[in-house]
Amino acid sequence: GYQRAFRVANRVWKLVEKWDKLAQFTIGTQIIRSTDSVSANLAEGWNKTTKNHRLKYYHIALGSLVESQDWLEKAFVRQLITEAMYRELSDEMDQLLKQIRHLIGSTRKALKY
């Protein structure tokens, strides 16, 4: 999950770099922050020693991912990205969503404290 999240965040960064200033300042800043938050919270959660602390950060990562999907949709509707790029990133985010949900479920089962 972390590696995919890191890869998605870097791809989003490279896309936003090419946008005009208005798009960068509005949608661009938001989608960069939300995609960066996914990998950052996965990393932070992984380093926590208790189940509740890990789950807290994994849930924040999940929320940031859902937010990123919303920003991606807006970028597509406002014609900032091609349909091909939208589909590619959307598929990556959908896979990441499944991975994070699995991580949350396995963390609930595996850790006792």
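Some notes on this structure:
- Based on Cα contacts under 8 Å between residues 6+ apart, region 36-92 shows a relative contact order of 27 percent.
- Loop trypsin sites (Lys or Arg not before Pro), region 1-92 (other Cβ atoms within 10 Å of the site Cβ: 12 or fewer; DSSP): 18, 78
- Positive-end residue of 41, 106, 86, charge dipole of the chain with Cβ unit charges: 106
- For region 28-95, the alpha-carbon radius of gyration amounts to 1.24 times the rule-of-thumb value 2.2 N^0.38 Å expected for a compact globular protein.
- Zone residues, region 40-67, relative to residue 13, backbone N less than 14 Å from point 7 Å out along Cα-to-Cβ: 40
- Sequence-separation-based contact order of the chain, relative, with Cα cut under 8 Å and 6+ spacing, percent: 31 percent
- FRET efficiency for the residue 70 to residue 108 pair, using the beta carbon distance and R₀ = 25 Å, is estimated at 0.45.
- Scanning the chain for DSSP H helices at least 27 Å long along the axis (C-alpha atoms) with a Kyte-Doolittle mean no lower than 1.0 picks out nothing.
- Residue-normalised accessible area of the chain, given per residue in Å² at a 1.4 Å probe: 62 Å²
The values are calculated or read from the model by the stated rules, or taken from the named source; none is laboratory data. Keep in mind that what you see is a predicted model, and the values were worked out from it rather than measured. Note that we place each Cβ from the backbone using ideal geometry, even for glycine, and neighbour counts take in every protein chain shown. For accessibility, only protein heavy atoms count, side chains too; no ligands or nucleic acids. Shrake-Rupley method; radii C 1.70, N 1.55, O 1.52, S 1.80 Å.
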